[in-house]
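In what follows, a structure is listed as structure tokens, so that the remarks can point back to it.
The values are calculated or read from the model by the stated rules, or taken from the named source; none is laboratory data. Being a predicted model, the structure only gives us computed values, none of them experimental. Using ideal geometry, Cβ is built from the backbone for each residue, glycine included, and neighbour counts are taken over all protein chains shown.
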Amino acid sequence: MRDIEISPSIISSDLSHLYDEIKKCEDAGAKSFHLDIMDGNFVDNITMGPDLIKAIRKSTDLRLDGHLMIERPDKYYKDFIDSGINILLIHYEAPININELLSKLKDNNIRYGIVINPDTDVKKIFKFLDSAEILLIMSVYPGFSGQKFIESSLNKVKEAREFVDKNNYKTKIEIDGGINDKTGKLAIDTGADILVSASYIFNNIKENIKKLKSL
């Protein structure tokens, strides 16, 4: 039986009551927080930077996962680590030398995971999973909260689960985008370990984290 983790995405929280929102999530059983970091270039939206992350870090001791939806993760990753991020989530599709960046992170004992967009074949990142803590499978196109869940992402979750189990890797399989009690159940049934949820959770934090934890 896998231990399923719920990771609220701060992007949908009420930032004017950040501390209270975080504490409500912790009290409801969240085990980490997902931080969507967008630069307006890699995706068509701009969100948080290191200063806001520092404020989040002061508000919780839970793990912070930094989802770097930016064109130059190789240039800015140290800024996010210094701001309090625990695990960097790097897009396979970023226009950089992904092999070089991941090798650098590994050599410097920086925790990381790999992210793939809905159009990316999951097999392309299997070669990176031996040292990646997380494989994040996007079930929407990255950029904005509230999008409809892409059901074909479940095939990628299933394929990744089989590969991770076959190779006895410790990589956690995470899914992000359109996650609620219905799509979350489908994701868990096909092999997901971590559910990232944004607008669904922050619509009713206590009740909806409870629903996701009970799936």
Exception for SER59 within (1) under 17 Å from the mean Cα position of the chain (by Cα); (2) touching a residue at least 40 places away in the same chain (Cβ under 8 Å); (3) within 20 Å of PRO8 (Cα to Cα) falls at (1)
Are any of the residues in region 123-132 in contact with a Ser or Thr (Cβ under 7 Å, 6 or more places away or on another chain) and on the phi < 0 side of the Ramachandran plot? yes
Taking region 138-175 and keeping only residues that are among the small types (Gly, Ala, Ser), farther than 18 Å from SER7 by Cβ and touching a helix residue (DSSP H, G or I) at 6+ places or on another chain (Cβ under 9 Å), one is left with none
Regarding ASP65, is this residue in contact (Cβ under 8 Å) with a residue 60 or more places away in the chain, among the charged types (D, E, K, R), touching a strand residue (DSSP E or B) at 6+ places or on another chain (Cβ under 9 Å) and farther than 22 Å from GLU174 by Cβ? no
Counting only residues in region 4-31 that are among the charged types (D, E, K, R) and touching a residue at least 40 places away in the same chain (Cβ under 8 Å), the one farthest from ALA198 (Cα to Cα) is identified as ASP27
In region 123-155, anything hydrophobic (A, V, I, L, M, F, W, C), in contact (Cβ under 8 Å) with a residue 40 or more places away in the chain and farther than 11 Å from GLU174 by Cβ is listed as LEU129, PHE144
Of the residues in region 37-72 that are of a type in the set (D, E, K, R) and at pLDDT 95 or above, the one that is farthest from GLU207 (Cα to Cα) is ARG72
